[in-house]
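A short reminder: the numbers here are calculations on the coordinates, not readings from a lab. Keep in mind that what you see is a predicted model, and the values were worked out from it rather than measured. Cβ coordinates were reconstructed from backbone atoms using ideal geometry, including for glycine residues, and neighbour counts include every protein chain displayed.
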There are 2 protein chains.
Amino acid sequence: METLVENQKVHICSGEFVIAVREAMNVISGKWKLPIIGSLCYGKKRFKELERDISKITPRMLSKELKELELNSIVKRTVHDTTPVTVEYELTPSGKKIKNVLDAMVKWGLEHREVVMVEE
Amino acid sequence: METLVENQKVHICSGEFVIAVREAMNVISGKWKLPIIGSLCYGKKRFKELERDISKITPRMLSKELKELELNSIVKRTVHDTTPVTVEYELTPSGKKIKNVLDAMVKWGLEHREVVMVEE
DNA sequence: TATACTAGTATACAATAGTATAGTAGTTAC
DNA sequence: GTAACTACTATACTATTGTATACTAGTATA
């Protein structure tokens, strides 16, 4: 399995490849990361807005996942000096580009579903 | 966040989208699925070959993951009537196409790493 | 008879991921 | 003064995921 990255053939087992895939996996794995990213695609959101948007998430998980996403430079956190304090979360440019990965997943997923349906 | 699939704009929250992404996530999530798929990219492999190929995997996990991949139509299992019995595993066409998703992940991962490096 | 090969399975445990429920601190409206 | 808003945190638990170690069954070789 080979892949073209910046005009260079890269072997699936090359160190860079593995690290890059792992990084992408980190960002989208887990139960709540995609719902959070999905919700932030429509623009900035406050903590409580995300909590209301994402059905059944607990504040503990929301807080934990937002911290991880911030650490990984996917989400930017901004504190506003209002009363009460409001905190806004938004996707970084890198966070927005995850869309390309999701697109590839949707494309594969739909094709795969069709293949499986025809087989059965 | 919108995406183009077969000339139709599909909303990120549409049922089909969510199911398709979840399906793709199922196939690549977990500690051992990518190493297994990676190893099978080079062609058919027997159980013991995979076990030797994939450093530190236990037969329990290899067996479990192969079963899941087979259930999801990513891997095909063929039993050969030799002595001792040999079993071959190979990627289905759908399994091979997961490469497109991995490519998108590599591309994003490499770009993201560069952005993060420049920032720090 | 003992060892090694095939492809796994069984049991018990450890580690990680996620849930449920309640509480914090500071300010504002009733 | 009490309730409600903000953005969380703390504690204790359950569930899922992965590990470690040993074992099975059938055949072939030394």
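Quick one: check the C-alpha center-to-center distance for the stretch A:74-102 versus the stretch B:49-96, whole angstrom. Between the Cα centres of the stretch A:74-102 and the stretch B:49-96 lies a distance of 42 Å. According to the Cα-based calculation, Rg over Rh for the stretch B:18-72 is 0.98, with Rh computed by the Kirkwood formula. Note: relative contact order over chain B, using C-alpha pairs below 8 Å and six or more positions apart, is 19 percent. Only Lys, Arg, Asp and Glu carry charge here, each on its Cβ (+1 for the first two, -1 for the last two); on that basis the protein assembly as shown has a dipole of about 620 debye about its Cα centre.
Using just its DSSP H runs of length 4 or more, each adding -39500 (n - 2.57), the protein assembly as shown gives a mean residue ellipticity at 222 nm of -18500 deg cm²/dmol after division by all residues. With a Förster radius of 30 Å applied to the C-beta separation of A:N26 and A:E49, the computed FRET efficiency comes to 0.75. Seen against the Cα atoms of chain B and their longest principal axis, helix B:15-28 is set at about 40 degrees. Across chain A, how large is the tail of the calculated P(r) beyond 24 Å, expressed as a percent of all Cα pairs? Value for chain A: 41 percent of Cα pairs lie more than 24 Å apart. A dipole drawn for the stretch B:31-119 from +1 and -1 charges on Cβ atoms has a positive end, and of B:P84, B:V116, B:I54 the residue lying farthest that way is B:P84.
For the residue pairs A:K76/B:K33; A:K97/B:K44; A:K97/B:K31; A:K31/A:K76, the alpha carbons lie more than 27 Å apart in A:K76/B:K33; A:K97/B:K44.
The rotation axis taking chain B to chain A passes closest to this chain B residue's Cβ, listed with the gap in Å: B:A104, 2.
Here the dipole of chain A is about 560 debye; that uses its Cα centre as origin and unit charges on the Cβ of Lys and Arg (positive) and Asp and Glu (negative). The trypsin sites (Lys or Arg not before Pro) of the stretch A:26-89 that meet both conditions, a loop assignment by DSSP and at most 11 other Cβ atoms within 10 Å of the site Cβ, are A:K31, A:K56.
Each listed q (0.07, 0.13 Å⁻¹) maps to a log10 I(q)/I(0) for the protein assembly as shown from the Debye sum over equal C-alpha point scatterers, namely -0.27, -0.87.
Once backbone amide H atoms are built at 1.01 Å from N, A:T86 has A:H80 as its partners under 5 Å, excluding neighbours fewer than 5 places away on the same chain.
Each residue of the stretch B:45-54 is assigned a 3J(HN,Hα), and the resulting list reads 9, 8, 3, 5, 5, 4, 4, 6, 4, 9 Hz, derived from the Karplus form 6.51 cos²θ - 1.76 cosθ + 1.60 (θ = phi - 60°), x at Gly and Pro.
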